[in-house]
Amino acid sequence: MAYVISEDCMACGTCAGECPNEAISEGDIYHIDPDKCVDCGTCASVCPAEAIKQA
């Protein structure tokens, strides 16, 4: 199950820089491409807003 980013996202970019598969795209709220996400959880572990959860 892929991870998702909630509206709590601050768009700081920390998660995108840590994703090994480049599955996270920028925006007002960042977005995780479920087809590229490999469920490693790295993004969730570095998110300062705790905005990333498993779907």
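Yes/no per residue for (1) buried (at least 16 other Cβ atoms within 10 Å of the Cβ); (2) modelled with pLDDT of 95 or more; (3) within 9 Å of the chain's Cα centre (by Cα):
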position: Met1; (1), (2), (3): no, no, no
position: Pro20; (1), (2), (3): no, yes, no
position: Ile32; (1), (2), (3): yes, yes, yes
position: Asp35; (1), (2), (3): no, yes, no
position: Ser45; (1), (2), (3): no, yes, no
position: Ala49; (1), (2), (3): no, yes, no
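When residues in the stretch 7-18 are screened for being part of a loop (DSSP other than H, G, I, E, B) and surrounded by 13 or more Cβ atoms within 10 Å (Cβ to Cβ), 3 of them pass.
Of all residues in the stretch 21-36, which are in a loop (DSSP other than H, G, I, E, B) and more than 17 Å from Gln54 (Cβ to Cβ)? First the steps, then the outcome.
The initial filter retains those residues of the stretch 21-36 that are in a loop (DSSP other than H, G, I, E, B), namely 21-23, 26-30, 33-36.
Of everything in the stretch 21-36, those that are in a loop (DSSP other than H, G, I, E, B) and more than 17 Å from Gln54 (Cβ to Cβ) turn out to be Glu22, Glu26, Gly27, Asp28, Ile29.
The values are calculated or read from the model by the stated rules, or taken from the named source; none is laboratory data. This is a predicted model, so every value here is computed, not measured. Note that each Cβ is placed from the backbone with ideal geometry, even for glycine, and that neighbours are counted across all protein chains shown.
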